[in-house]
Amino acid sequence: MAMDDNRSRMIFLHGGKQGGWIWNEVIAALAVQAPDMESPLILDIPGCGAKRGRDTNGLGLDAVIDELAYDVASAGVDRCVFVGHSQAGTILPRLAVACGAQVDRIVYVACAGPLEGETIREMLTRTAPRAFAGDMPIEARFAAMFCNDMDEAAQTAFLARMGEDEWPAACTERERHWGYAAAARIPATYVLALRDQILTPLAQEEFAQQLHAQRIIRIDAGHQPQQTRPHALAEMLLQETKVPRDDR
């Protein structure tokens, strides 16, 4: 089947505590909605998804970005749209710059954008609802963070996949320099999840600004629209691959 040469290839990157598997439902929806589209490229952070089990001690953000840029180059990508979720917001600006002119757009799906000089943990302390500040069993915490708009069966299936993927600790605990400014000229869209309980809509508005998103679109979903609204999200992503690069 001929590929659609007018559409940029999508490259997906997951967030914290998850792996590339979170995009499976969206990729299936894309295959239905755009069967001629080139297959997306799925990236995994070291320690996550296809890269589980890696010793990531001492692995910092620079090394992670270098590895992901190598993964993109090895895939022979021509033109692309990066799509990231949650903690991927701390990676994609610098990764897109490293990949150069081939990047047509970045799409941030409920992405975090900590302030320059602020760690991920400090950002969550500042922006997350107080209910997440106290002691809470890990499964209850994950259910509240990720599953508030899932039915019981979907929540059970999703939580069963949690706990095996872990970003390098330095990326969450120690990194403070995010390099957003270098990517400011790359067209960017922010997909704001209206029912997100961990990255609240108000916080996401701030993050969209930090990430230099020129467009904000909204989806009626919690933190995991890939799981709860995959067809709606796929439709949004397909539209974003058609938005001209010079749309500012």
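Accessible area per residue of the range 66-132 at 1.4 Å probe, in Å²? Mind showing how you got there, number by number?
Numbers: 2440 Å² over 67 residues.
For the range 66-132, the per-residue accessible area is 36 Å².
Calculate, in nm to one decimal, what GLU116 and ASP135 gain on full extension: separation in residues at 0.36 nm each, minus their alpha carbon distance. Spell out each step's value before the answer.
Details: separation 19, 0.36 × 19 = 6.84 nm, distance 2.80 nm.
This chain segment gains 4.0 nm when fully extended.
Any number yet on Rg/Rh for the range 112-248, C-alpha, Kirkwood?
Details: Rg = 16.1 Å, Rh = 16.5 Å.
Rg/Rh for the range 112-248 comes to 0.97.
For the range 58-158, what mean projected area does the convex hull of the alpha carbons give, in nm²? The partial results should precede the final answer.
Working: hull surface 35.3 nm².
Spelled out: convex hull of the Cα atoms, projected over all directions, averaged, 8.8 nm².
Using modelled amide H (1.01 Å from N, peptide plane; none on Pro or chain starts), what sits under 5 Å from the amide H of VAL107, excluding residues fewer than 5 places away?
Close amide H contacts, sequence-distant or interchain: PHE82, VAL83, GLY84, THR189.
Just to confirm, what accessible area per residue do you get for the range 147-248 at 1.4 Å probe, in whole Å²? Kindly include the intermediate steps, with their values, before the conclusion.
Details: 4860 Å² over 102 residues.
On a per-residue basis, 48 Å².
Based on Cα coordinates alone, diagonalise the gyration tensor for the chain, multiply each eigenvalue by 5, take square roots, and list the semi-axes in whole Å, largest first. It would help to have the intermediate numbers written out before the result.
Values: eigenvalues 129, 87, 67 Å².
They are 25, 21, 18 Å, listed largest first.
Please report the carbon-and-sulfur percent of the accessible area for the range 164-232; probe 1.4 Å, protein heavy atoms only, DNA, RNA and ligands left out. Intermediate results must be reported in sequence, preceding the final value.
On the way: 1460 of 2930 Å².
In the range 164-232, the share of accessible area belonging to carbon and sulfur is 50 percent.
The values are calculated or read from the model by the stated rules, or taken from the named source; none is laboratory data. If you're wondering where the values come from, they're calculated on a predicted model, not measured in any experiment. Accessible surface is based on the protein model in full, side chains and every heavy atom, while ligands, DNA and RNA are left aside. Shrake-Rupley method; radii C 1.70, N 1.55, O 1.52, S 1.80 Å.
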